[in-house]
Amino acid sequence: RTLAASANGDLDLAGGLTDAFGAAITFARIKWIELEADSTNTNNVVLGGAPANAFVGPFGAAAHTISVVPGGKLRLVAPNAAGYAVTAGTGDLLRVANSGAGTSVKYRLILGGSLT
């Protein structure tokens, strides 16, 4: 995926995504998050911190974020049955943002979880 300079996008984990077969996904729990920032990026890719209905998961609080530098990789795994809870309508938006102006960023994001 690509984000324009200073842009962001909110991924709806409860109904706004599709799986590899094109079927709608409504996560109940996220079990892993993998983010890879392209090595050709100038800016960082920032994960988390949606201004409303934020998915808190591993971030600790709705406003918290994790910044991934160009060429960097992030992997978060919740191996227990509970995972990171997704609350439809109030805690289901995962923001991905470009940290700066001037250039776009490319990234790869893989999410795994449970629908129940």
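The values are calculated or read from the model by the stated rules, or taken from the named source; none is laboratory data. Note that the structure is predicted; figures quoted are calculated from it, not measured. Neighbour counts run over all protein chains shown; Cβ positions are idealised from the backbone, glycine included. Note: accessible area is taken over every heavy atom of the protein model, side chains too, but ligands, DNA and RNA are not part of it. Shrake-Rupley method; radii C 1.70, N 1.55, O 1.52, S 1.80 Å.
Rundown of residues vs (1) open to solvent by 50 Å² or more (accessible area, probe 1.4 Å); (2) part of a loop (DSSP other than H, G, I, E, B); (3) at pLDDT below 95; (4) closer than 24 Å to T2 by Cβ, yes/no style:
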position: L35; (1), (2), (3), (4): no, no, no, yes
position: T40; (1), (2), (3), (4): yes, yes, no, yes
position: P51; (1), (2), (3), (4): yes, yes, no, yes
position: G71; (1), (2), (3), (4): no, yes, no, yes
position: R95; (1), (2), (3), (4): no, no, no, yes
position: L109; (1), (2), (3), (4): no, no, no, yes
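Assess whether I30 counts as being touching a Phe, Trp or Tyr at 6+ places or on another chain (Cβ under 6 Å), modelled with pLDDT of 95 or more, open to solvent by less than 70 Å² (accessible area, probe 1.4 Å) and not basic (K, R). Judged against the criteria, I30 is a match. Look through the range 13-25, keep the residues that are open to solvent by 50 Å² or more (accessible area, probe 1.4 Å) and in contact with a strand residue (DSSP E or B) (Cβ under 7 Å, 6 or more places away or on another chain), and return whichever of them is modelled with the lowest pLDDT. The qualifying residue modelled with the lowest pLDDT is D19.
For the range 63-77, indicate whether the set of residues that are under 14 Å from the mean Cα position of the chain (by Cα) and in contact (Cβ under 8 Å) with a residue 60 or more places away in the chain is non-empty. No, the range 63-77 contains no residue that is under 14 Å from the mean Cα position of the chain (by Cα) and in contact (Cβ under 8 Å) with a residue 60 or more places away in the chain.
For the range 53-69, the set of residues classified as assigned to a loop (DSSP other than H, G, I, E, B) and open to solvent by less than 50 Å² (accessible area, probe 1.4 Å) consists of F55, A61, A62, listed by residue number. Yes or no: T90 open to solvent by 40 Å² or more (accessible area, probe 1.4 Å) and touching a residue at least 60 places away in the same chain (Cβ under 8 Å)? Against the criterion (open to solvent by 40 Å² or more (accessible area, probe 1.4 Å) and touching a residue at least 60 places away in the same chain (Cβ under 8 Å)), T90 does not qualify.
Quick one: is S6 within 10 Å of A97 (Cα to Cα), open to solvent by 60 Å² or more (accessible area, probe 1.4 Å) and either assigned to a strand (DSSP E or B) or not β-branched (V, I, T) (or both)? Criteria met by S6.
Summed over the range 9-33, the residues that are within 21 Å of S104 (Cβ to Cβ) and either without any contact (Cβ under 8 Å) to a residue 60 or more places away in the chain or in a loop (DSSP other than H, G, I, E, B) (or both) give a count of 0.
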